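Structure, as structure tokens:
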Amino acid sequence: MTDKPSLSFSCPVPHSNSERIEIAHGGGGLRTQRLIDTVFRPAFGQSENDLTHDGAVLEVSGAKLAFTADSYVVDPLFFPGGDIGTLAVNGTVNDLAMCGARPVGLSTAFIIEEGFPMSELQRIVQSMRTAADAADVRLVTGDTKVVERGKGDGLYLTTSGMGLVVASKPVSPERVRPGDVIVLSGDVGRHGMAVMAAREGLGLEPPIASDCAPLAAQILRLIDEGIDIHCLRDLTRGGLATALIEIAHTASVTMRIADSTVPISAPVRGACEILGIDPLYVANEGRFVALVPAQAGQRTLDLLRGYDDNAAIIGTVEMVDEPGSLTLETLGGVRALDLLTGEQLPRIC
Amino acid sequence: MKYVDEFRDPAAARHYADAIARVTTRPWTIMEICGGQTHAIVRHGIDQMLPDGILLLHGPGCPVCVTPSGMIDAAISIAERPGVILCTFGDMLRVPGGQGSLLSARGRGADVRMVYSPLDALALAQENPAREVVFFAIGFETTAPTTAMAVLQAEREGLSNFSLLVSHVLVPPAMEALLSDPANGVQGFLAAGHVCTVTGYREYEPIARRFGIPVVITGFEPLDLLQGIYLCIRQLEEGRVEVENQYRRLVRPEGNASACAAVDRVFRVRSQQWRGIGEIEASGLGLTPDYEPFDALVRFPGTAVLPEGQTSCISGEILRGVRKPCDCPAFATGCTPEHPLGATMVSSEGACAAYYRYRRPLEPA
Amino acid sequence: MCLAVPGEVLSIDGDDVLMRDGRIAFAGVVKRACLAYVPEAKIGDYVLVHAGFAIAVIDAVEAQRTLALIEEIVAEDGR
């Protein structure tokens, strides 16, 4: 009989609250929320809804203008399906579309590191022109700065966009109602897996391509067809789950989606399985969710299927409740989906 | 996906859950000892399908969670040495030791890189002859062969800039330590299917006999887990004590001979610290004398590996299965994935983190 | 522990046992894995891959048996 080991309970002291910015603050999850709530909103915002939605709507002499800003720090700069330039143009076009606006003009500011190859800059700028043409928007103004070698990670882009709101009623979380149907525009997880695979050199064949694309056409079509869209959100970092959780929190509603209804392409599924990544939280750059009244659900789905066969109704808004939550119907039961605390990392375990 | 989808059929799963309910006449406590199984159970809601009275406990099966904090600190101190590239699996990056995590070390300028396989670390050593590449070798018996092969290839190629910080752990000694504790209430075990793919399951027979506990080697898909639980309950209800293999498509009694041979050549068994539990004899792996040149602690002398300190979190009891995450007063309040107190909350595979992400606040009405 | 996924062996490279590797297909994506621990693996076999290594070949006959057992339970419950 061996001696019983003397057992003790040992755990680390918890991390103290951050005094410095950490990578997680840029992840789009809980830490980003905290940063907005504790640093930015007190200084800039007036209400809960400022600063959290994709863009702002300003009334100027009777016209409703949508205004948005975004920065792009993607690594690597070039990936299958796009580059930092395509991301920047489409990302801003999409933020405007999510306000129910037709994009009118974009500005881009370049922060370029000394020594950055001119040929790569040209490639990126050309991508931006191509993306802008495809999205029917113009790049009208911008700025350029160069920082010393070692201080810039190659290239950072900041874009701002302006659009004309064409939705007759506001499109924002306040309009979400119990009974609303959640319609997803296509399959999820491509962009995040494309970038992760490229950055980490995962050697996937064929390389997964980003879904980076403009979404204005689909949105304008829904508006044209008279769909009373309550809320729109494009899925970016943090994926489908994060987008819905944010709406649920802002609108103080509970939402439920079903695991089995979320479309995921075979390569993304394969990549997520081998790395142990949850596709519901993987970034997208060409997908959105629309929350529409129940009676408009089928029509919305039919219209979106005209652009992407994989569009699907994935769930419903259940009821008004503080603080708002998202639940997932699984094979065996139901579980809550929470914001991630940091970027998802491949697992061994 | 073949060999995955067939074992995720929802209708079959519901029928299996009914079958479990039919054979269950009494409460039973079953432990699984694999972070991957914990993850799958909670992800698919398997525990929500079981009859009340079947208690599924999550033992210390997450290699990331049980890595001693002193080893993490050692990894950080090695990573901070000039010229070193420290390679680690992704889920190890955010786990705090006593002095922060590898991720925060990277934030301070250490060259810490995430790898999917030990062979990726080896490739980095080949591509960077002027740098010292150190691989943080954690994991159970499933992973040890992969580390062993990296060492064997490094030896074959005469690489002098590749070394390992070894913290591999073994399952059966942990099971024995758990079952030897008179306070433990475990009546049946689901053994980790992928570990047994490598080791086989002959070692489990003496454990089953000694403690009178049925052991079912179980896979990872919903139908595997349900079938494993079903077989375990059948044994308990019928008073049998056997080692049964549910994961027959991948597990043979003798395991994978070439993988075991590689591990035996490169590693030897030694005593090991388990975070939140303490020292368990003969439960870890160290490099054999022939392979000591590949030991990062030998290559970087002066790297301290400090013993575990004492705090008040109950992760040790959770890992031993005597308490559940929701029993902890700090669960989801003072202790969250963002501010973890213990290993079980730190890693996304830890029982507390899994519970936090997947179960709170929904308890069935 | 032990995230491991089954995939189909599409091609095998290398004669040296230690260095043999192959292209493995998982749903729609292909990735290389070391085959040193599955010397018996052939093209068309399904292998279990963990951390870049195939650690076992799936026994198709046993897989069928397992599914058949599951079917039995399902059928019984349906009655």
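What residue, of A:Arg20, A:Arg102, is part of a strand (DSSP E or B) and either loosely packed, with under 14 Cβ neighbours inside 10 Å or in contact with a helix residue (DSSP H, G or I) (Cβ under 8 Å, 6 or more places away or on another chain) (or both)?
Selected residue: A:Arg102, the only one of A:Arg20, A:Arg102 that is part of a strand (DSSP E or B) and either loosely packed, with under 14 Cβ neighbours inside 10 Å or in contact with a helix residue (DSSP H, G or I) (Cβ under 8 Å, 6 or more places away or on another chain) (or both).
Do the conditions hold for A:Ala296, that is, is it within 14 Å of chain B (Cβ to nearest Cβ) and buried (at least 21 other Cβ atoms within 10 Å of the Cβ)?
When the stated conditions are applied, A:Ala296 does not pass them.
Looking at A:Thr316, A:Thr300, A:Thr341, which is the one that is assigned to a helix (DSSP H, G or I) and among the hydroxyl-bearing types (Ser, Thr, Tyr)?
Only one candidate qualifies: A:Thr300.
Looking only at the range B:68-88, filter to residues that are in contact with a strand residue (DSSP E or B) (Cβ under 7 Å, 6 or more places away or on another chain) and either among the polar types (S, T, N, Q) or under 19 Å from A:Gly201 (Cβ atoms) (or both); which one of those is nearest to the other protein chains (Cβ to nearest Cβ)?
B:Thr88
Quick grid of which residues meet (1) at pLDDT below 95; (2) surrounded by 24 or more Cβ atoms within 10 Å (Cβ to Cβ):
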site: A:Gly238; (1), (2): yes, yes
site: A:Glu246; (1), (2): yes, no
site: A:Thr250; (1), (2): yes, no
site: A:Thr254; (1), (2): no, no
site: A:Ile257; (1), (2): no, no
site: A:Thr261; (1), (2): no, no
site: A:Ser265; (1), (2): no, no
site: A:Glu285; (1), (2): no, yes
site: A:Leu291; (1), (2): no, yes
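Of the conditions (1) surrounded by 21 or more Cβ atoms within 10 Å (Cβ to Cβ); (2) in contact with a strand residue (DSSP E or B) (Cβ under 9 Å, 6 or more places away or on another chain); (3) of a type in the set (Gly, Ala, Ser), B:Gly53 satisfies every one except a single condition; which number is it?
Here B:Gly53 clears every test but (1).
Of all helices (runs of 4 or more DSSP H) completely enclosed by the range B:1-79, which ones contain at least 2 residues that are within 30 Å of B:Ala343 (Cα to Cα)?
B:35-44, B:63-66, B:69-79
Looking at (1) of a type outside the set (S, T, N, Q); (2) within 14 Å of another protein chain (Cβ to nearest Cβ); (3) crowded, with 19+ Cβ neighbours inside 10 Å, which one does A:Glu329 not meet, given that it meets all the others?
It fails just one condition, (3).
Considering every residue within the range B:139-159, establish whether at least one is more than 22 Å from the chain's Cα centre (by Cα), crowded, with 24+ Cβ neighbours inside 10 Å and either away from chain C (no Cβ under 13 Å) or under 17 Å from B:Ala74 (Cβ atoms) (or both).
no
So A:Val334 clears everything in (1) at pLDDT 95 or above; (2) surrounded by fewer than 24 Cβ atoms within 10 Å (Cβ to Cβ) except one condition, right? Which one?
In the conditions (1) at pLDDT 95 or above; (2) surrounded by fewer than 24 Cβ atoms within 10 Å (Cβ to Cβ), A:Val334 misses (1) alone.
Please state which of the following conditions B:Val169 fails to meet, knowing it meets all the rest: (1) buried (at least 21 other Cβ atoms within 10 Å of the Cβ); (2) among the aliphatic types (A, V, I, L, M); (3) at pLDDT below 95.
(3)
Can you spot a residue in the range B:260-283 that is under 18 Å from the mean Cα position of the chain (by Cα), under 20 Å from B:Glu32 (Cα atoms) and among the basic types (Lys, Arg)?
yes
Is it the case that the range B:213-230 has a residue that's small (Gly, Ala, Ser), crowded, with 23+ Cβ neighbours inside 10 Å and within 13 Å of chain C (Cβ to nearest Cβ)?
Looking through the range B:213-230, at least one residue is small (Gly, Ala, Ser), crowded, with 23+ Cβ neighbours inside 10 Å and within 13 Å of chain C (Cβ to nearest Cβ).
Among the residues that make up the range A:43-61, is at least one of them surrounded by 13 or more Cβ atoms within 10 Å (Cβ to Cβ) and of a type in the set (Phe, Trp, Tyr)?
Checked against the condition, which is being surrounded by 13 or more Cβ atoms within 10 Å (Cβ to Cβ) and of a type in the set (Phe, Trp, Tyr), the range A:43-61 yields no hits at all.
Among the residues of the range C:63-78, are any touching a residue at least 24 places away in the same chain (Cβ under 8 Å), surrounded by 15 or more Cβ atoms within 10 Å (Cβ to Cβ) and under 13 Å from the mean Cα position of the chain (by Cα)?
no
Filter the range C:15-26 down to residues that are within 12 Å of chain B (Cβ to nearest Cβ) and not in a strand (DSSP E or B) and give me whichever is modelled with the highest pLDDT.
Top of the filtered list is C:Arg20.
Assess whether A:Ala69 counts as being of a type outside the set (Val, Ile, Thr), touching a residue at least 12 places away in the same chain (Cβ under 8 Å) and assigned to a strand (DSSP E or B).
Yes.
Among the residues of the range A:258-276, write down those that are of a type in the set (A, V, I, L, M, F, W, C), over 18 Å from the mean Cα position of the chain (by Cα) and away from chain C (no Cβ under 14 Å).
Within the range A:258-276, just A:Ala258 meets the criteria.
From the list A:Met193, A:Met162, A:Met128, which residue is in contact with a Leu (Cβ under 7 Å, 6 or more places away or on another chain), buried (at least 18 other Cβ atoms within 10 Å of the Cβ) and part of a helix (DSSP H, G or I)?
A:Met128
Sort out which residues of the range B:63-100 are hydroxyl-bearing (Ser, Thr, Tyr) and surrounded by fewer than 22 Cβ atoms within 10 Å (Cβ to Cβ), and write them in order of number.
The one that is hydroxyl-bearing (Ser, Thr, Tyr) and surrounded by fewer than 22 Cβ atoms within 10 Å (Cβ to Cβ): B:Ser77.
Could you please tell me which pairs satisfy a Cβ distance under 7 Å, a separation of 6+ or placement on different chains, a first residue in the range A:174-201 that is over 23 Å from A:Ile257 (Cβ atoms), and a second residue that is of a type in the set (D, E, K, R)?
A:Arg199/A:Asp75
Looking at (1) over 14 Å from B:Pro60 (Cα atoms); (2) surrounded by fewer than 24 Cβ atoms within 10 Å (Cβ to Cβ), can you tell me which one B:His194 breaks?
Against the list (1) over 14 Å from B:Pro60 (Cα atoms); (2) surrounded by fewer than 24 Cβ atoms within 10 Å (Cβ to Cβ), B:His194 comes up short only on (2).
Counting just the residues of the range C:32-48 that are surrounded by 24 or more Cβ atoms within 10 Å (Cβ to Cβ) and more than 9 Å from chain B (Cβ to nearest Cβ), which one comes out nearest to A:Pro267 (Cα to Cα)?
Among those residues, the one meeting the criterion is C:Val47.
Considering only the range A:198-217, I want to know if a residue exists there that is of a type in the set (S, T, N, Q) and surrounded by fewer than 24 Cβ atoms within 10 Å (Cβ to Cβ).
no
Here is a list of conditions, (1) away from chain B (no Cβ under 14 Å); (2) closer than 30 Å to C:Leu3 by Cα, and A:Ile348 meets all of them except one; can you say which number that is?
Status for A:Ile348: all satisfied but (1).
Please indicate, with yes or no, whether at least one residue in the range C:1-10 is within 9 Å of chain B (Cβ to nearest Cβ) and more than 14 Å from the chain's Cα centre (by Cα).
Yes, because at least one residue in the range C:1-10 is within 9 Å of chain B (Cβ to nearest Cβ) and more than 14 Å from the chain's Cα centre (by Cα).
The values are calculated or read from the model by the stated rules, or taken from the named source; none is laboratory data. This is a predicted model, so every value here is computed, not measured. Here the Cβ is made from the backbone with ideal geometry for all residues, glycine too, and neighbour counts use every protein chain on show.
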